[in-house]
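Peer 1: Have a look at the structure that comes next, please.
Every read-out reported here was derived from the displayed coordinates using simple, explicitly stated rules and does not represent laboratory data. Being a predicted model, the structure only gives us computed values, none of them experimental. Because the Cβ atoms are built from the backbone with ideal geometry, glycine has one as well, and the counts that use them run over all protein chains shown.
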Amino acid sequence: MSANRVFLASDYTQYPTSDIEDIIGKEPYIKLVNACYGLSADAKINGKNIKDGDVLHSVENVLSSNSEIRFDHYRPSMYMIQNPDIWTEKDISSALDRFEKLCTDINEAL
């Protein structure tokens, strides 16, 4: 792979700046975080306060208002690994398409 080839998350989303969470997508990531932190119905994050293209930081800002939760960037990842059935295929079909494109691009660069 060429040393000057960098794959940016924003190359796989429709937003100028993105993180891996944006490749997952706003709704699937919110579902993951709500399950990961076991948020009750009244504490669950909804999409209204979450900015497209800035999912990670928006979720972090929302959770920072809850003194009982300390957001850990890696905790949702671990939860996802331990609970792979968190999503239905419908939940993540667009994310799978984006990750497939990323994997294809990586393979082509090798």
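Peer 1: Just name one of Y29, I45, C103: the one whose Cα is farthest towards the positive end of the charge dipole of the chain (beta-carbon charges, Lys/Arg +1, Asp/Glu -1).
Peer 2: Of the listed residues, the answer is I45.
Peer 1: Rounded to the nearest 20 debye, what is the charge dipole size of the stretch 12-99 about its Cα centre when +1 sits on each Lys and Arg Cβ and -1 on each Asp and Glu Cβ?
Peer 2: Details: 9 positive and 14 negative charges, 26 e Å.
The calculation lands at about 120 debye.
Peer 1: Helix-only estimate, please: 222 nm mean residue ellipticity of the chain, summing -39500 (n - 2.57) across DSSP H runs of length 4 or more and dividing by its residues, to the nearest 500.
Peer 2: Dividing the helical sum by the residues of the chain leaves -15000 deg cm²/dmol.
Peer 1: Looking at the calculated P(r) for the chain, what percent of the C-alpha pair distances fall above 18 Å?
Peer 2: The answer is 53 percent, as a whole percent.
Peer 1: I've got another one for you. Under a Cβ-Cβ cut-off of 10 Å, what is the net charge of the residues other than I92 that fall near it, where Lys and Arg count +1 and Asp and Glu count -1?
Peer 2: Result for the neighbourhood of I92: -1.
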